[in-house]
Amino acid sequence: MKQMDTKTLANYINGEWMEAEHTAPVINPATGEEIAKVPLSSEQHVEKAVQAAKKAQKEWALVPAPQRAEVLYRTGTLLREQKERLARLLTMENGKVLEEARGEVQEAIDMAFYMAGEGRRLFGQTTPSELKDKFAMSVRVPVGVIGIITPWNFPIAIASWKSFPAIVAGNAVVWKPATETPMMAYELTKILEEAGLPKGVMNLVFGSGSTVGDAMVHHPNIQVISFTGSNEIGRNIAAECGRQLKKVSLEMGGKNAVIVMDDADLELAADGIIWSAYGTSGQRCTACSRVIVHEKVKAELEARLLAKIKHLTVGNGLNEEVKVGPIINKRGIEKIKRYIEIGVEEGARLLTGGYELIEGDLKKGNYFAPTLFTDVKGTMRIAQEEIFGPVVSLIPVKSFQEAIEVNNCVEFGLSSSIFTQDVKKVFRAQRDLDTGIVYVNAGTTGAEIHLPFGGTKGTGNGHRDSGIQALDVFTEWRAVYVDYSGKLQRAQIDVE
Ligand code: NAP
């Protein structure tokens, strides 16, 4: 195998690293520097990858699941050994601060060991037959070739949520990562190779969504598309998969809210809001972008938030002092600026921030000041649409009931949170908040890999990443009946 230059990345197809004719620069959003070149592949690369995956999958499915899992154990071990190096690369390509990058790599490590455990479970069900001398069970079987399309904001965690369950269940994968953040994809694939994954089981094809992603979605030999990204792209993918009767799992945007009731521990609530709103510069699908606050504690919460925002150092995430890193690119900055204008025009009151940071070294990267709007109405566009930046809207309410209604009045349904000391409100909230994830006395972010991750309404289409539920995307249920009576026994008829 050819030794790779880490500066120029290559596709990995059928166990071989292959350079592509065309490349694009990979830019560090903190500094504006080029840190690598990523292949811009064509439909032909997708074709090769799918054919390799199709061939490899047949043999991989016959490898006993506990042996398939051994590859994931080794993957987890290698990831753990290289955690610090990977976290630094992740910060360089994505911008999130080092502490968060370490957390993200840890998520992939956890997922590797968790899914490796599935190699000795992958439980089906046995159940009595209605007939004598007949045995009934249902088992999980692999689906075939899985197409994985991932976003730039969690370049290794989301890839692990999708590829590890797919692999342990006996599928082969064609993976298209986001062009913005290809280095984690390259590193993870190298680790899977080193861990002994047979050739063709994982195929990595870099390139744009409109070429590589689209070719995967249209390919008749890819049976499942597992997509995480924006609603606009996800809806189009789902429409095309629908036409082909292709299984599609979608994890998309969010407009996540923290509710702060009048009996809340306000210091704890403010800490939870700061962490979930401004961490990853607000570029998490679970980022808190709305704070629904009881009017009795609004002024005090605003004061606490403003005091904490003042201490948020913005800058290059490789610097351990920094708490808020850059925005992924200039398009992201422009989008945030448009929403600031929209918010002001709608009558929201800007308490702090609202501008791009361009002083000193910051002008080399893409930085935006942590921003807080107040006196926002739940129906305003800044409280309805995903901004994907460090922008929070405070929405005052008069009651618990109104808080729940405001939380639920958006198109999205990913995560929500409530700060209260009242156990009745806690249980009512976890019942009535309509999101896929609900937190109590914690911010809107902090999912653990052994629980299902995903959202309701416009956030998804009913599937879940991570947790045991991820296996439902990558397996089919097969019902098996074994009749050992030696005679014809007809279900529903010969039951007397
Ligand atoms: P995006 O623009 O939708 O891109 C996501 C992926 O889709 C990228 O790999 C992209 O490729 C690819 N793509 C673009 N056009 C495509 C097409 N026509 N066919 C097939 N694939 C195509 O989203 P993003 O900006 O990377 O990510 C941010 C979004 O993801 C936010 O809305 C966020 O909320 C959401 N997200 C959701 C979750 C969740 O679990 N619910 C988690 C994380 C992020 P290229 O970019 O390389 O062209």
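Residues being of a type in the set (Asp, Glu) and not in a helix (DSSP H, G or I) are represented in the stretch 31-51 by at least one member. Considering the stretch 458-476, the residues that are outside any loop (DSSP other than H, G, I, E, B) and surrounded by 16 or more Cβ atoms within 10 Å (Cβ to Cβ) include one that is farthest from the ligand (Cβ to nearest atom), namely 475. Are any residues in the stretch 137-165 aliphatic (A, V, I, L, M), in contact (Cβ under 8 Å) with a residue 60 or more places away in the chain and within 13 Å of the ligand (Cβ to nearest atom), and if so, which ones? Correct list: 148, 149, 156, 158.
So is residue 489 away from the ligand (no atom under 16 Å from the Cβ), surrounded by 15 or more Cβ atoms within 10 Å (Cβ to Cβ) and at pLDDT 95 or above or not? So residue 489 fits the description; yes.
Within the stretch 449-463, the only residue that satisfies the criterion of being free of Cβ contacts under 8 Å to residues at least 40 places away in the same chain and under 13 Å from the mean Cα position of the chain (by Cα) is 452. Please state which one of 436, 455 is touching a Phe, Trp or Tyr at 6+ places or on another chain (Cβ under 7 Å) and surrounded by 15 or more Cβ atoms within 10 Å (Cβ to Cβ). Being touching a Phe, Trp or Tyr at 6+ places or on another chain (Cβ under 7 Å) and surrounded by 15 or more Cβ atoms within 10 Å (Cβ to Cβ) holds for just one of 436, 455, which is 455. Filtering the stretch 390-433 to residues that are surrounded by fewer than 16 Cβ atoms within 10 Å (Cβ to Cβ), closer than 18 Å to residue 265 by Cβ and touching a residue at least 24 places away in the same chain (Cβ under 8 Å) leaves 421, 422. Considering every residue within the stretch 69-92, establish whether at least one is touching a strand residue (DSSP E or B) at 6+ places or on another chain (Cβ under 9 Å), crowded, with 17+ Cβ neighbours inside 10 Å and either aliphatic (A, V, I, L, M) or not in a helix (DSSP H, G or I) (or both). For the stretch 69-92, residues touching a strand residue (DSSP E or B) at 6+ places or on another chain (Cβ under 9 Å), crowded, with 17+ Cβ neighbours inside 10 Å and either aliphatic (A, V, I, L, M) or not in a helix (DSSP H, G or I) (or both): present.
Can you say whether residue 384 is more than 11 Å from the ligand (Cβ to nearest atom), more than 15 Å from residue 257 (Cβ to Cβ) and polar (S, T, N, Q), as far as the supplied structure shows? Against the criterion (more than 11 Å from the ligand (Cβ to nearest atom), more than 15 Å from residue 257 (Cβ to Cβ) and polar (S, T, N, Q)), residue 384 does not qualify. Checking the stated criteria, residue 114 turns out not to satisfy the condition of being farther than 25 Å from residue 241 by Cα, within 16 Å of the ligand (Cβ to nearest atom) and in contact (Cβ under 8 Å) with a residue 12 or more places away in the chain. So, residue 314, is that one over 26 Å from residue 476 (Cα atoms), more than 9 Å from the ligand (Cβ to nearest atom) and buried (at least 24 other Cβ atoms within 10 Å of the Cβ) or not? So residue 314 does not fit the description; no.
Yes/no matrix, rows are residues, columns are (1) more than 24 Å from residue 19 (Cα to Cα); (2) in contact with a Gly (Cβ under 7 Å, 6 or more places away or on another chain); (3) of a type in the set (Gly, Ala, Ser):
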position: 154; (1), (2), (3): yes, no, no
position: 161; (1), (2), (3): yes, no, no
position: 172; (1), (2), (3): no, yes, yes
position: 254; (1), (2), (3): yes, yes, yes
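Only one of the listed residues (97, 105) is under 30 Å from residue 316 (Cβ atoms), without any contact (Cβ under 8 Å) to a residue 60 or more places away in the chain, aliphatic (A, V, I, L, M) and in contact with a helix residue (DSSP H, G or I) (Cβ under 8 Å, 6 or more places away or on another chain). That residue is 105. Restricted to strands (runs of 3 or more DSSP E) entirely inside the stretch 332-439, those with at least 2 residues that are under 26 Å from the mean Cα position of the chain (by Cα) and assigned by TED's automatic domain parsing to the domain that holds residue 271 are 371-374, 391-397, 415-419. A count restricted to the stretch 433-456 and to residues that are away from the ligand (no atom under 15 Å from the Cβ) and touching a His at 6+ places or on another chain (Cβ under 8 Å) stands at 0. Checked across the stretch 359-368, the condition of being closer than 20 Å to residue 309 by Cα, buried (at least 24 other Cβ atoms within 10 Å of the Cβ) and not hydrophobic (A, V, I, L, M, F, W, C) holds for at least one residue.
The values are calculated or read from the model by the stated rules, or taken from the named source; none is laboratory data. As the structure is a prediction and not an experimental result, all values here were calculated from the model. Here the Cβ is made from the backbone with ideal geometry for all residues, glycine too, and neighbour counts use every protein chain on show.
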